[in-house]
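Read through the structure below, which is laid out as structure tokens, and then see the notes.
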Amino acid sequence: MNDSHHAAARIYVAGHRGMVGSAIVRKLKAMGHEHIIVRTHAELDLTSQAAVREFFDAERPDQVYLAAAKVGGIMANNSYPADFIYDNLMIQANVVDAAFRAGVKKLLILGSSCIYPRLAPQPMTETALLTGTLEPTNEPYAVAKIAGIKLCESYNRQYGQSHGIDYRSVMPTNLYGPGDNYHPQNSHVIPALIRRFHEAARSRAPEVLIWGTGTPLREFLFVDDMAAASVHVMELSPEVYQRHTQPMLSHINVGFGSDVTIKALAELIAHTVGYEGRIAFDHDKPDGAPRKLMDSSRLESLGWKAEIDLQQGLRIAYQDFLNTYSS
């Protein structure tokens, strides 16, 4: 694809206000793309089939990045399982089908590492999909995300050759960075700890108590790296993509490539925000899975590797927290 055609592409980014969607928009703009199509939830309800079809008929994008999803932590997933499975299934089904009907040739769905079995061998390879029981706390969300992968594969298998479509999916590890949710109850581990250590530093609290033993290992990827990986996968030639994937096992893991204990993460965040008190662990509280590391060797063989390490990423994330919450 030459650069003029490349820059002229009309690209719809669904979920542009979320952490990942906004990073994809930043990346595309930095690459010189000028025709980026966005809609807020108020402007377009992706769970409405009629509204989504009408939008695609009117806009006719060339490419689609589906970064819109209903997401939340353990508490939200456990409290609203029907919302999580219904909304995510509808969003994906409506967008993929409307894109196909409107002649969209290239589409990328963003999934989640929770698609893999709870006890998947570590690091988790793409082939672990559908080989065991899912983590019960987020099973409805995971099932919806697995359906997204299978939607892409099924449309490719039925219409790929006749209509020239190429729909792909990427599965990120734990993401963090600008645009994260720092809510005291509903946020993920990095934004939650950034907020807690920041508040502890400000109030000069002698100790911060963290759930669990601090021993579980977790992998974290900076969101702008995720955006770069998404664009990289979207732009791979069909020959290269098909050589590294299979028609019914086509998703690609996106990870940093190494993990860190929760204890080491807490110490790094405390240092980043300038907290100098004690860090203690509540061993009566649950740890969650002992380890969740993605095997990203498929993506590395396709020519992409993460660039922003945890130390650098946390500095940027903390600045984003200050910018967001200083007011």
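Where a number appears in this text, it was derived from the coordinates with a stated rule and is not lab data. Keep in mind that what you see is a predicted model, and the values were worked out from it rather than measured. FYI the Cβ positions are ideal-geometry reconstructions off the backbone, even for glycines, and counts take in every protein chain you see.
For this structure, a couple of remarks:
- Whether the stretch 261-327 is rounded, prolate or oblate, judged on the alpha carbon gyration tensor where a/c under 1.5 counts as rounded: oblate
- In the chain, lysine pairs closer than 25 Å at Cα, eight or more apart or cross-chain: 23
- In the chain, the longest principal axis of the Cα atoms and the axis of helix 223-235 are about 20 degrees apart.
- Crossing angle, helix 19-30 versus the chain [Cα axis fit, 0-90 degrees, rounded to tens]: 60
- Computed lengthening from Lys305 to Thr261, 0.36 nm per intervening residue step minus Cα-Cα distance: 13.7 nm
- Distance between the pseudo-spin-label points of Thr133 and Ala280 (7 Å out from Cα toward the beta carbon): 3.6 nm.
- To the nearest ten degrees, helix 310-325 and the longest principal axis of the Cα atoms of the chain are 90 degrees apart.
- The residues neighbouring Gln242, those whose beta-carbon lies less than 13 Å from its own, together hold a net charge of +1 under the Lys/Arg +1, Asp/Glu -1 convention.
- For the chain, the relative contact order comes to 19 percent (Cα pairs under 8 Å, sequence separation of at least 6).
- Here the simple spin-label model places points 7 Å from the Cα toward Cβ, and for Ala9 and Ala289 these points are separated by 3.1 nm.
- Each other residue within a Cβ distance under 12 Å of Leu119 adds +1 if Lys or Arg and -1 if Asp or Glu, for a net charge of +2.
- Electrostatic bookkeeping for Arg39 treats Lys and Arg as +1 and Asp and Glu as -1; over the other residues with beta carbon under 11 Å from its beta carbon, the sum is -2.
- Entry note, the chain: the mean residue ellipticity at 222 nm calculated from DSSP H runs of n ≥ 4, each adding -39500 (n - 2.57), is -14500 deg cm²/dmol after division by the residues and rounding to the nearest 500.
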